[in-house]
Amino acid sequence: MLPNAPKSCPHCAPEEAQPAAAVKESLPPAAYICPMCEGVRSDKPGACPHCGMALEKNPLAHRNEPECCGDGGDDEVIDLWWRVRWSTAMTAPVVLLSMGMNLPVIRDIPHEASGWMQFVWATPVVFWVGWPLLVRFASSLRTLRFNMFTLIGLGVLAAWLYSTVALAAPHLLPHQAGHAGMVLYFESAAVITVLVLLGQLLELRARKATGSAIRALMNLAPKSAWLVRDGEEIETLVDDIQIGDVLRIKPGSRVPVDGIVTEGSSTVDESMLTGESMPQKKEANAAVTGGTVNGSGTFLMRAERVGANTLLSQIVEMTAKAQASRAPVQRLADRVSSWFVPAVVGVAALTFLLWWQFGPQPSFAFAVVNAVAVLIIACPCALGLATPMAVTVGLGRGAQLGVLIKNAETLERLHDIDIVMLDKTGTLTEGKPSVTEVFPLPGLSARDLLACAAAVESMSEHPLATAIVNAAKERSIPIAAVTDFQSVTGGGVLGNVGESEVFIGQEAFLKKNGVLVSTECHAHSVKMQEDGCTVVVVVLNEKPLGLIAIKDKIKESAPPAIAALHALGMKLQMITGDALATAQRVAKDLNIDEVAAEVSPKEKLLHVYQARGKDRHVAFAGDGINDAPALAAADVGIAMGTGTEVAIQSASVTLVKGDLHALHQAFALSHATMKVIRQNLMFAFLYNGLGIPLAAGILYPFTGWQLNPMIASVAMSLSSVSVILNSLRLRRFK
């Protein structure tokens, strides 16, 4: 009657890094990764062989390390700070000798002697203190992967080499008649080195702040817990906790792992994990999550998930992997960066030739200075960091708010969504339905009807089944054994109770399969549905026995979340397998634009495909197994963290607590992140678009003004820092 249910990188620096794709997933995560170049990984600190930037710690590999205070815990920060101090101390005499001509002692020093003194002080700054910059410069030439350090190296070495030749062998350079002494630029080479090192230090410290969200999440987990064994409480490391261990959670302490409350009660603050500010009441059989903060009460809990399987660990891992991904908008920056450095070198060469041929005397010196300024001011790193830094901070902030976004591409796609499809049960409603009415047909009692239904539903994990079973238990109705249980997707459940076949499902499904209910029964079903109830029919041996009405309360977060999504200009549709009347009532209460009811999982999938188009982008939010196909097919699938594992795996966004307020936050966070990315890209393009012509001396014919290479160095360093600081604003996103 009823149907059955259906080690070295081949492209660069072999000793330093290798693409992640070449490493088996079974290996532990690399200790260091590049914040700008995807797939660069290393087991030791160093520089990225592609862009030259310092590799930073991978949070997944350093999750068990304590967070150190200040500079003391970071070797690279210590090294850079040491180099900045020494280079500043040695550069100060060079600047005084070069620019302090009117000082009493300095003006009496002969020009040639002053030049050799500058050489003695500037050379260690360039070749000793600034050695890491030259190493990265040489690496970029060796691998033909030109980057910021290519330009810095060319500029600094050009200034130093020109000055050294002018000092040691002036006859090799073209002198102009009447020029008393060759102009030296040792101070430019030294000061540029100091400023680049200082910029690297500021950039490194700012970049460390972008990973603060993940570090904050990792620090939520306590290091120890109180294990209860044989009536005694023993302090033990969290890493030693096993599944099934009983733990004592004391007032004010953090919950160490995921588990179930077995005794006692308290309130638990889950805001650091989910963004929800209101503490949640926890009593016996309530689930608690590792990293959350216990209130004033105390309780015992049984460990259910430990180590890397806890929700907190999964959030950290998912967020870290997402931060390592690349957004499609990054392709623009990648294309520009691929020709940026060669173009800048070409502009610098052209600047040199034009100034040498047409500039004022001494034209050769002017040509060197302006070419160096062009090389120094250009900053491909500002362009390269524009997207990754914003994505890193945005995804981290999302994790703190209980919004887990699988990768950077999803974060960008969220920005383009204009249609949001929503499942009903467990998404718009709490997913904790209860039986409101039992309506038996004449000749049968309500108790017998409920007993018949509860027997079969006891084999199902659906929320409606749980409601029926709980109603039977509340009435102390014994639950009979069931054989040959089957679940009919989109229809109901089927099983044998004794010698009888029992089916519980929707009236529309029964009608399709030739089972009709009486007029009285149908009329009562319609009335129940108009009240917002889900109605199932209980059938015994192909004969309807009666109806059971089940109602699921709308989530408190749903009305304001729906209103907020409307404010973003989105069209909202409810796609549900529930009866039309029930769905329409919920849609009316929530002001949802369109409703599609009584649809199967396949039909949900078709709705997604039909809505997607050239100019239409669809997000689907659901929590059940039957939502998995639609979640996977949508431009962005959004799963409730309280839903099934299949739904979560099919989705690209997970709302940890299933709170619809977080749904609005996901879209708002995407909009905020894309706004910051656009600002970063605009700043990077504008900076280079204006800075390079100014450095080339475009204003000199009109104003007589030139850009000093030292000022160009300050601007170059601040450009990357500005992009990072702008991205860090997302840490305050609310």
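Residue by residue through the stretch 504-520, note down the ones that are over 13 Å from Val488 (Cα atoms), in a loop (DSSP other than H, G, I, E, B) and open to solvent by less than 50 Å² (accessible area, probe 1.4 Å).
Those that are over 13 Å from Val488 (Cα atoms), in a loop (DSSP other than H, G, I, E, B) and open to solvent by less than 50 Å² (accessible area, probe 1.4 Å): Val515, Val517.
Going by the structure shown, is Pro49 part of a loop (DSSP other than H, G, I, E, B), under 28 Å from Arg136 (Cβ atoms), modelled with pLDDT of 75 or more and open to solvent by less than 50 Å² (accessible area, probe 1.4 Å)?
yes
Tally time: how many residues in the stretch 538-575 are among the small types (Gly, Ala, Ser), outside any helix (DSSP H, G or I) and crowded, with 17+ Cβ neighbours inside 10 Å?
3
If I go through the stretch 223-258 residue by residue, how many of them are among the charged types (D, E, K, R), surrounded by 15 or more Cβ atoms within 10 Å (Cβ to Cβ) and touching a helix residue (DSSP H, G or I) at 6+ places or on another chain (Cβ under 7 Å)?
1
Go through (1) in contact with a Ser or Thr (Cβ under 9 Å, 6 or more places away or on another chain); (2) open to solvent by less than 60 Å² (accessible area, probe 1.4 Å); (3) at pLDDT below 85; (4) under 20 Å from Glu542 (Cα atoms) one by one and return the number of the condition Asn496 breaks.
(3)
Could you grab the pairs with beta carbons closer than 6 Å, sequence gap of 6+ or different chains, first residue in the stretch 498-519 and closer than 16 Å to Ile479 by Cα and hydroxyl-bearing (Ser, Thr, Tyr), second one open to solvent by 30 Å² or more (accessible area, probe 1.4 Å) and assigned to a loop (DSSP other than H, G, I, E, B)?
Pairs that qualify, where the first residue is closer than 16 Å to Ile479 by Cα and hydroxyl-bearing (Ser, Thr, Tyr) and the partner is open to solvent by 30 Å² or more (accessible area, probe 1.4 Å) and assigned to a loop (DSSP other than H, G, I, E, B), are Ser500/Asn541.
Could you list all residues from the stretch 251-261 that are part of a strand (DSSP E or B) and under 16 Å from Lys281 (Cβ atoms)?
Ile260, Val261
When the stretch 361-376 is examined, which residues are found to be more than 20 Å from Pro701 (Cα to Cα) and either in contact with a Phe, Trp or Tyr (Cβ under 6 Å, 6 or more places away or on another chain) or open to solvent by less than 10 Å² (accessible area, probe 1.4 Å) (or both)?
Result: Ile376, single match.
Which numbered condition in (1) open to solvent by 50 Å² or more (accessible area, probe 1.4 Å); (2) at pLDDT 85 or above; (3) of a type in the set (Val, Ile, Thr) is the only one that Val435 fails?
Result: Val435 fails condition (1) only.
Scan the stretch 82-105 and give yes if some residue there is in contact with a Pro (Cβ under 9 Å, 6 or more places away or on another chain), of a type in the set (Lys, Arg), open to solvent by 30 Å² or more (accessible area, probe 1.4 Å) and not in a loop (DSSP other than H, G, I, E, B), otherwise no.
Looking through the stretch 82-105, at least one residue is in contact with a Pro (Cβ under 9 Å, 6 or more places away or on another chain), of a type in the set (Lys, Arg), open to solvent by 30 Å² or more (accessible area, probe 1.4 Å) and not in a loop (DSSP other than H, G, I, E, B).
Suppose we keep only residues that are over 43 Å from the mean Cα position of the chain (by Cα) and small (Gly, Ala, Ser) within the stretch 474-493. Which one would you say is farthest from Val515 (Cα to Cα)?
Selected residue: Ser476.
Using the structure shown, decide if Ala465 is farther than 30 Å from Ser722 by Cβ, at pLDDT below 90 and assigned to a helix (DSSP H, G or I).
It is true that Ala465 is farther than 30 Å from Ser722 by Cβ, at pLDDT below 90 and assigned to a helix (DSSP H, G or I).
Which residue pairs have Cβ atoms closer than 6 Å, lie 6 or more positions apart in sequence or on different chains, and pair a first residue in the stretch 573-588 that is within 20 Å of Val420 (Cβ to Cβ) and acidic (Asp, Glu) with a second residue that is at pLDDT below 90 and crowded, with 24+ Cβ neighbours inside 10 Å?
Final answer for the pair search is Asp578/Lys424; Asp578/Thr534.
Restricting attention to the stretch 140-166, report how many residues are farther than 17 Å from Ala373 by Cα and open to solvent by 20 Å² or more (accessible area, probe 1.4 Å).
8
Across the stretch 576-588, what is the number of residues that are assigned to a helix (DSSP H, G or I), charged (D, E, K, R) and open to solvent by less than 80 Å² (accessible area, probe 1.4 Å)?
Qualifying residue count, the stretch 576-588: 0.
List the helices (runs of 4 or more DSSP H) that sit entirely inside the stretch 349-448 and contain at least 3 residues that are under 31 Å from the mean Cα position of the chain (by Cα).
380-400, 408-416
Tally time: how many residues in the stretch 346-366 are modelled with pLDDT under 85 and of a type in the set (A, V, I, L, M, F, W, C)?
3
The values are calculated or read from the model by the stated rules, or taken from the named source; none is laboratory data. Fair warning: this is a prediction, and the values are worked out from it, not measured in the lab. Ideal geometry is used to build each Cβ from the backbone, glycine not excepted, and the neighbour counts take in all protein chains shown. Surface areas here come from the heavy atoms of the whole protein model, side chains and all, with no ligands, DNA or RNA. Shrake-Rupley method; radii C 1.70, N 1.55, O 1.52, S 1.80 Å.
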